[in-house]
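See below for the structure under consideration.
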Amino acid sequence: MAQVLRLSPEKALARAARRFLPDGRDACPKCASTFVVREPAFLHCRYCGAMARLANRSLAAQELYELRSGLRIAS
């Protein structure tokens, strides 16, 4: 009853590449709204609330941005 799916490295890389947005995008990938805010590592849509991860961006810079802007309480 159980199926075994083989994951090739090429398939894993292709799947990971779909999770990230290229840098040149200025619209929400979910609703196509241009009411977006560029954060260091994410593209945040103010219309629908979706957040899309930008490729090759630092999560440490994103954390510092959130701490400095008051989005997260320092701990």
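Run the numbers on the chain and let me know its relative contact order in percent, using alpha-carbon pairs under 8 Å that are six or more apart.
This gives 21 percent for the chain.
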Expressed as an acute angle from 0 to 90° and rounded to the nearest 10, what is the orientation of the C-alpha long axis of helix 59-69 relative to the principal long axis of the chain? 30
Solvent-accessible area per residue, Å², over the chain with all protein chains present [probe radius 1.4 Å]: 83
Prolate/oblate/rounded label for the stretch 8-69 (Cα gyration tensor, a/c 1.5): oblate
Dipole moment magnitude, nearest 20 debye, the chain about Cα centre, only Lys, Arg, Asp, Glu C-beta charged: 220
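Could you please state how large a percent of the accessible area of the chain is carbon and sulfur, counting protein chains only and using a 1.4 Å probe? Let's see the in-between values first.
On the way: 3550 of 6250 Å².
Answer for the chain is 57 percent, counting heavy atoms of protein chains only.
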With runs of 4+ DSSP H residues as the only contributors, calculate the mean residue ellipticity of the chain at 222 nm using -39,500 (n - 2.57) per run, divided by the residue total and rounded to the nearest 500. -9000 deg cm²/dmol
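The values are calculated or read from the model by the stated rules, or taken from the named source; none is laboratory data. Note that the structure is predicted; figures quoted are calculated from it, not measured. Heads up, the Cβs are rebuilt from the backbone with ideal geometry, glycines too, and the neighbour counts pull from every protein chain shown. With ligands, DNA and RNA removed, areas are computed over all heavy atoms of the protein, side chains included. Shrake-Rupley method; radii C 1.70, N 1.55, O 1.52, S 1.80 Å.
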